[in-house]
1. Figure the gain on full extension for F25 and A64 (residue separation times 0.36 nm, minus the Cα-Cα span) and round it to one decimal in nm.
2. Which one, V99, L131, F110, projects farthest toward the positive side of the charge dipole computed for the range 92-144 from Cβ point charges (K/R +1, D/E -1)?
3. Length gain on complete extension for the stretch Q113 to L43, per 0.36 nm per residue less the alpha carbon to alpha carbon distance?
4. Give, rounded to the nearest 20 debye, the magnitude of the charge dipole that the range 74-144 has about its Cα centre when Lys and Arg contribute +1 at Cβ and Asp and Glu contribute -1 at Cβ.
5. Suppose each label sits 7 Å from its Cα in the direction of the beta carbon; what would the A71-Y125 distance come out to in nanometres?
6. In debye, nearest 20: dipole of the chain around its Cα centre with unit charges on the Cβ of K, R (+) and D, E (-)?
7. Please go through the residue pairs K38/K134; K7/K38; K38/K85; K7/K63; K85/K132; K38/K116 and name each one whose alpha carbons sit more than 23 Å apart in this structure.
8. If you fit an axis through the alpha-carbon atoms of helix 23-38 and take the longest principal axis of the Cα set of the chain, what angle between them do you get, 0 to 90°, nearest 10?
Amino acid sequence: MVSVTDKVRFVETDMMGVVHHSNYFRWFEMARVAFLAKAGLTLGDFLTAGFLFPIGEVSCSYKAPARFDDAIRIEATLEEFSRVKMAFSYRVVRSADEVLLAEGRTRNVFTDQSGKICRLPDEYYLPLAALKEKERQEAGHDGR
């Protein structure tokens with residue numbers, strides 16, 4: 001799991017003083033990019049090499065409202081991963097009281113610049129697979 005911390009900005013709220021629902025998807029992306037960085041990869045690495053990973057599916061279940069100036073933690077876990085796709089689950093938690101604000105999921109496919117689904121080569125696949133395996137073992141799911 002990767003965690004990103006942030007603070008709710010005023011511009012992210014609506015007229016009710018609550019974070020607009022669309023911002024959760026931006027926060028999911030922040031955590032997904034941080035996961036890549038933890039594996040030693042950047043979004044720029046993928047783009048320079050001609051790989052894209054558009055979202056094919058996204059969902060979010062809102063549990064409690066986030067408000068202006070709340071400190072939040074966005075957690076991302078790589079749930080599924082292969083050479084052609086990856087799926088993350090997310091949790092957004094208010095840091096002050098550990099209240100779960102939202103849970104979500106995204107599924108991406110890897111494509112070339114023309115949008116054709118492709119397979120990741122080892123230089124991108126292996127670091128992500130190694131991080132996923134390391135996290136699985138740290139979570140106590142190593143089969144022992």
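The values are calculated or read from the model by the stated rules, or taken from the named source; none is laboratory data. Note that the coordinates shown come from a computational prediction; the quantities given were computed from them, not determined experimentally. When we count neighbours, we look across all protein chains shown, and the Cβ atoms used for this are built from the backbone with ideal geometry, even at glycine. All accessible areas refer to the heavy atoms of the entire protein, side chains included, with ligands and DNA or RNA removed. Shrake-Rupley method; radii C 1.70, N 1.55, O 1.52, S 1.80 Å.
1. Stretched out fully, the F25 to A64 stretch lengthens by 12.5 nm.
2. F110
3. 23.8 nm
4. Roughly 320 debye for the range 74-144.
5. For the pair A71/Y125, the computed spacing is 4.2 nm.
6. Dipole of the chain, to the nearest 20 debye: 200 debye.
7. Distance filter (> 23 Å) returns K38/K116.
8. Value to nearest ten degrees: 40.
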